[in-house]
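Quick notes on the structure that follows.
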Amino acid sequence: MTIKGAGSLDARAYFKSHFQQVKEKQMKHWIFWLIAGVVSLLGGFTALANPLVASLTAELLAGWSFILVGVIMLFSAFGDQGWGARISTMLLGLLVLFIGVNLIAHPLRGLISITYAVAVVMMIVGIVRLVLAFSDELRPFRLIMVISGALSIILAMMIFSNFPQSAAVVLGVYLAIELISNGVALIAIALARKSETSAEV
């Protein structure tokens with residue numbers, strides 16, 4: 001019984017020491033999180049200062065994403081069972097690929113199309129949130145849902161009211177907000193990990 005107990009204690013001590021070393025290694029990498037956060041933050045402010053360039057960048061990224069997804073779908077079509085599934089997957093892949101190529105070939109026209117699509121989606125999402133806000137299941141979150149839905153509808157109406165001029169800045173501003181919020185989150189994580197490392201030293 002003594003030997004078994006000693007072996008159990010040794011195993012616990014080993015795993016505790018192992019996990020401690022892994023945690024310490026992770027904590028030491030807080031500087032990389034900080035650098036990533038600063039870069040994301042700078043990118044966000046740069047996009048905010050140049051919304052047209054940022055909008056075109058977002059449009060091109062969307063175009064290349066469509067192309068990548070289309071190519072993957074075309075390759076995956078050969079693994080589908082049955083000709084019906086293969087043909088439908090290939091047609092959908094070709095459509096996605098065509099959209100991507102069209103966005104890359106005509107960035108300004110693609111920018112207008114994507115902005116219009118974003119406004120439509122925001123309007124639909126806003127209306128859905130308002131409808132769901134008055135359901136019994138979401139009664140505790142009714143105020144938040146109403147505010148969120150109203151903001152989505154207002155933003156969509158602002159885009160429509162200044163369309164197509166709004167296409168020059170909408171995607172860029174959205175990209176800037178995403179980069180800034182991502183940068184703030186990464187910096188917060190880095191500082192939290194630094195404080196944990198300092199406390200353990």
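Using the structure shown, decide if ALA150 is in a helix (DSSP H, G or I), small (Gly, Ala, Ser) and crowded, with 19+ Cβ neighbours inside 10 Å.
Working: in a helix (DSSP H, G or I): yes; small (Gly, Ala, Ser): yes; crowded, with 19+ Cβ neighbours inside 10 Å: no.
Against the criterion (in a helix (DSSP H, G or I), small (Gly, Ala, Ser) and crowded, with 19+ Cβ neighbours inside 10 Å), ALA150 does not qualify.
Before we move on, is ARG129 charged (D, E, K, R) and within 25 Å of LEU61 (Cα to Cα)?
Values: charged (D, E, K, R): yes; within 25 Å of LEU61 (Cα to Cα): no.
Answer is no for this residue.
Could you please let me know if ILE124 is farther than 23 Å from TYR174 by Cα and in a helix (DSSP H, G or I)?
Working: farther than 23 Å from TYR174 by Cα: no; in a helix (DSSP H, G or I): yes.
The answer is no for ILE124.
This table checks each residue for (1) surrounded by fewer than 18 Cβ atoms within 10 Å (Cβ to Cβ); (2) β-branched (Val, Ile, Thr); (3) closer than 30 Å to LYS194 by Cβ.
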position: VAL38; (1), (2), (3): yes, yes, yes
position: ASN50; (1), (2), (3): yes, no, no
position: SER55; (1), (2), (3): no, no, no
position: LEU60; (1), (2), (3): yes, no, no
position: GLY70; (1), (2), (3): no, no, no
position: MET73; (1), (2), (3): no, no, no
position: TRP83; (1), (2), (3): yes, no, no
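Go through (1) buried (at least 16 other Cβ atoms within 10 Å of the Cβ); (2) polar (S, T, N, Q); (3) not in a helix (DSSP H, G or I) and name the single condition SER135 misses.
(1)
Could you check, for region 107-127, whether at least one of its residues is exposed (fewer than 15 other Cβ atoms within 10 Å of the Cβ) and of a type in the set (Phe, Trp, Tyr)?
Within region 107-127, none of the residues are exposed (fewer than 15 other Cβ atoms within 10 Å of the Cβ) and of a type in the set (Phe, Trp, Tyr).
Throughout, read-outs are computed from the coordinates displayed, never taken from laboratory work. Computed from a prediction, not measured in an experiment: that's the story for all the values here. When we count neighbours, we look across all protein chains shown, and the Cβ atoms used for this are built from the backbone with ideal geometry, even at glycine.
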